[in-house]
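To start, the structure under review is shown below, and the notes come after it.
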Amino acid sequence: MADVFIDGRFVGQAKEPEKMIEFLREKRRAGKIPDQVNFSYLDYLNEIRVVTDEGRVRRPLIIIENGKPKLTQEHIEKIQKGEIMWHDLINNGIIEYLDTEEEENALVALRSENLTKEHTHLELDPLVIFGISTSFVPFPEFDRGDRVNFGSKMVGQSIGLYSTNFLRRVDTKSNILVYPQKSLVKTHIDDVLHSENHPGGQNIVIAVMSFKCFNIEDAIIMNKSSVERGLFWSYLFRTYEAEEKKYMGGQEDIIGIPEPGVKGYAGEEAYKHLPEDGIINPEIHLTDEQIIVGKTSPLRFLGSLDQFITDLENIRETSVKLRHGEEGIVDRVFITESADGNKLVKVVVRDLKRPEIGDKFASRHGQKGVIGLIIPEEDLPFTEDGVIPDIIFNPHSIPSRMTIGKLLEIIGGKVCALNGKRSSNPAFHPTPEKDFVEALEKNGFKGDGKEALYDADTGEKYTQDVFMGNVFYQKLDHLVSNKIHARSRGPITLLTKQPTEGKSKRGGLRLGEMEKDCLIAHGASLLLKERFDVDRTTLPVCAECGLPAFHDKVKDKKFCPVCGESKIVEVEMAYAFKLLLDELKSMLIYPKIITKEE
Amino acid sequence: MLKEFQKKSLENESILPSIILEEVEKISKLKNIREKKKSELIETLEGIYLENSFEPGEAIGIIAAQSLSEPATQMTMRTYHFAGSAGLQVTLGLPRLIEIFDSRKEPATPIMTVYFKKEFNNEKDVENFAKKIKEKKLRNLLDSVSLDLTNKKIQIKLKKIKESEKNETIEKIKEKIKKINIKVREDNISIEPENHELSIRDLQRLKKKILDLTVSGVNKIINVVVIKEGNDWIVKTFGSNLSHILKMDEVDYSKSYTNNLHEIQEVLGIEAAREALIKEIRETMSQQGLNVDERHIMLIADIMVFTGEIRAVGRYGVAGMKSSVLTKAGFEETTKHLVRASVRNEEDNFKGIFENVMINQQVPVGTGMFDLVAKIGED
Ligand SMILES: [Zn+2]
């Protein structure tokens, strides 16, 4: 007798649990029970569990009957012709989904050749253990596991063609690769997802060698002439928004060039490039914080006196400006209505990003690196045929990481380029290396992928041959031009009187706790004081009660709120410390400043 | 300090500490060094001494902290797990370093290294010793144990052991646990408490007490390994009981060692604990291929032990002993320290580093340690 549970609730007992499970499964395969329901028999607890609820991880497996898979060649041909679909296989009980509990009752064969009579299921293919982005990595079984993981992470960061209708979209921020290519060495997922419609990189000629010390520590050297021909150019699109919002009391924002005299008026020069309607025209080049849409808003909270102020002074400038530190060309201007019926302006600004020193690139094998040098092709080594590498990659990046998959991709890519055909190398189904070697030799190349290179400086042949080939590289969304930031003077926050934080707010760079310790370790105490001097304040303090006092500027009189007129001492301290004292007072702790006689 | 040096040199006195001078005296007597050579030696030593003493105002505490914590961050990134010598698993690397600085009462892997006197320094004696000290609990000698609830009895079935060992075990039970009647039939022992009113829970407690009984060996010594190191036979133990082991006849008490610092402090005193602390830190670092200047370790060890007991580096130890309210509040448990200070009417006189950084005043280290004073009217 086994207990039977449905979704954790006890419903009854079964005399012959094994038979019952078999019966239930048969019914499910025949379509009498929905295919989302899973059954499992836990013999160590003598329990049958039927689960129908949501949130279970399930995976498809081919059903085995009498040691033979139910999926036959016939089915495969029919699928290829488009006569049957995936769901037909499920409805006809050829493939079923198992959850983690039912999986415990199954014996799954990885490949059809190791099938025995005991097996109940067959894996669709060994490569289904990989997810979507990991499946983009060719030859993953030749790389170390962690590298495949890194590689799949970086596939997600690559700049490519994320959408084919990007010109009609107004994403807040998007990147588009100007000349995207489909990869020479592909995997099954490229066919499944039609990745030729949105590729994520370009095929480049790579030479694995060190070069003038500029590719140490994973840096790469890029061919300047290739860059000038358009290699890895990308556009950064950013959308700016302006809405004519309506407020209570009939007031509203106005899109247009602000009149002089408005609060915060930026001067005539700032609005010169705007047409009459205050909305910028396409193809105008904008630089640092230039105005894109002119706009004015009413002052929000009207005080009793404010009513007597003239109209103009009651309005403040709220134009939409280009982000700090960015530039670009106005690409598209959309004028529509928002959901509330307000006038809505969306402006897309594009900025061309050409590869520069510090930009990050990666192949699909977890081999990332930044550009260390961009050098003209006349200074780069060349082969007998005059082939000049696009990227020079340091061989030291290979032995410790053991990414043999990358080396295979280089050879494979070279063969593809020579034959004019793409080659598919998904996980566990690689093209044999032998085939690549033969193809290379047939085309008059060395089978090991090495080539003789000539020094561009002297014209002499290098004493060593260099491993060269074609490989798919991705430009990752970590561009120096988006990140570079420095400040000498700039805005401070109102509360703490300390510099703002973050690039978009022109923030300062924090000299943190550990950096502070370094200054102390050097004994540079005056430098330390100067570095933390931004929020320095002089505070009048009552010498009697030790609390901050007032300075009445009108009467030019200093007095203590507690003791009245008393002796007041000026004390220099960090403003942040004054805040701490205030906070202590709010906690009912009395911080008394004991002042010394001069 | 410099003034002191000058004064000493004016009085033709050496600036060296008396311990070093005594050492020089001892060596020159031993090696028959002449007076002229000796003064030359002292001069060289003075040079080295001056070279190695820090300058006034140097932030040695922070430098020591940095010198240890920088390699410690290296350790987090690559802690090698190699098996401890001769099959004993020892905590190494960062976990051990944290353990030392946290001054845990009991290390995760207490290890003792026992050396032997000359007459016992041979394989046979050492093997016997190792067997003798290994702690054996009754639990390890049992085949089965059961509670007879109706008759309020505990039934024990022993494993097949020597007759002498069996008798010894029974004697031990009789000796250690009072108010029981023991009946023995072959390998079966039945234990009946004299008090028949015992509840089942009390019976359970008694059973546990009997099972945890140490039948033979030294308390806490869980495992023993005999190794030969050079000419010495040594015993490494897992588990540490220094006071008991040092008292044993075979043991060379001048060399035997444990990695339980608190035990060393209790048995051998705080100076020994300081030495052991320095040794443990140094060895943990150098096992990972990291070398830290001994003086940094010595400074930290001094700070940890100068009160007479080992204190942890942290909230309840070294950092908690700081005098400044603001420094303590800025470190950990801010509200607790602030409230306590306000209730006790504490004062902060801004003599330390951290509190002066907080109010942005000159920090009393390095260049900020000294003031220029002009004496007007004097020449
Ligand atoms: Zn006052």
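The values are calculated or read from the model by the stated rules, or taken from the named source; none is laboratory data. The shown structure was predicted, so the numbers you read here are calculated from the model rather than taken from an experiment. Heads up, the Cβs are rebuilt from the backbone with ideal geometry, glycines too, and the neighbour counts pull from every protein chain shown. All accessible areas refer to the heavy atoms of the entire protein, side chains included, with ligands and DNA or RNA removed. Shrake-Rupley method; radii C 1.70, N 1.55, O 1.52, S 1.80 Å.
Quick notes on this one:
- Subset of segment A:531-548 [of a type outside the set (V, I, T) and more than 16 Å from the ligand (Cβ to nearest atom)]: A:R531, A:F532, A:D533, A:D535, A:R536
- Residue match in segment A:584-595 (condition: free of Cβ contacts under 8 Å to residues at least 40 places away in the same chain, within 15 Å of the ligand (Cβ to nearest atom) and more than 10 Å from chain B (Cβ to nearest Cβ)): yes
- Restricting B:G320, B:G368, B:G308 to residues that are at positive phi and either modelled with pLDDT under 90 or surrounded by fewer than 18 Cβ atoms within 10 Å (Cβ to Cβ) (or both) narrows the list to B:G308.
- Positions within segment B:255-274 being among the charged types (D, E, K, R) and within 17 Å of B:R104 (Cα to Cα), in sequence order: B:E263, B:E266, B:R274
- Options A:R510, A:R489; residue that is open to solvent by 30 Å² or more (accessible area, probe 1.4 Å), more than 25 Å from the chain's Cα centre (by Cα) and not hydroxyl-bearing (S, T, Y): A:R489
- Strands (runs of 3 or more DSSP E) wholly inside segment A:342-397 containing at least 2 residues that are farther than 24 Å from A:I216 by Cβ: A:343-353
- Cβ-Cβ distances below 6 Å connect the following pairs, each with a first residue in segment A:524-540 that is facing chain B (nearest Cβ under 7 Å), a second residue that is not in a helix (DSSP H, G or I), and a separation of six or more residues or different chains: A:S525/B:Q362; A:S525/B:V363; A:S525/B:V365; A:L528/B:V363; A:K529/B:Q362; A:F532/B:N360.
Okay, residues lined up against (1) touching a residue at least 24 places away in the same chain (Cβ under 8 Å); (2) within 14 Å of chain B (Cβ to nearest Cβ); (3) at positive phi:
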| residue | (1), (2), (3) |
| --- | --- |
| A:L479 | yes, no, no |
| A:T500 | no, no, no |
| A:S504 | yes, no, no |
| A:L519 | no, yes, no |
| A:C545 | yes, no, no |
| A:K555 | no, no, no |
| A:F577 | no, yes, no |
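- Screening B:T335 against (1) open to solvent by 70 Å² or more (accessible area, probe 1.4 Å); (2) under 22 Å from B:I303 (Cβ atoms); (3) within 11 Å of another protein chain (Cβ to nearest Cβ) leaves a single unmet condition, (2).
- Residue list for segment A:375-398, filter: of a type outside the set (V, I, T), surrounded by fewer than 19 Cβ atoms within 10 Å (Cβ to Cβ) and within 28 Å of the chain's Cα centre (by Cα): A:P395, A:H396
- Only one of the listed residues (A:F130, A:F166, A:F150, A:F139) is surrounded by 12 or more Cβ atoms within 10 Å (Cβ to Cβ), outside the structural domain of A:N425 (by TED's automatic domain parsing) and over 30 Å from A:K27 (Cβ atoms). That residue is A:F130.
- Annotation: of all residues in segment B:323-332 being under 31 Å from the mean Cα position of the chain (by Cα) and not aromatic (F, W, Y), the one that is surrounded by the most Cβ atoms within 10 Å (Cβ to Cβ) is B:K328.
- Every residue from segment A:549-574 that is more than 16 Å from the ligand (Cβ to nearest atom) and open to solvent by 40 Å² or more (accessible area, probe 1.4 Å): A:K553, A:V554, A:K555, A:D556, A:E572
- Residue check, B:K105 over 22 Å from the mean Cα position of the chain (by Cα) and more than 14 Å from chain A (Cβ to nearest Cβ): no
- Matching option when the condition is in contact with a Pro (Cβ under 8 Å, 6 or more places away or on another chain) and more than 9 Å from every other protein chain (Cβ to nearest Cβ), among B:G352, B:G330, B:G377: B:G352
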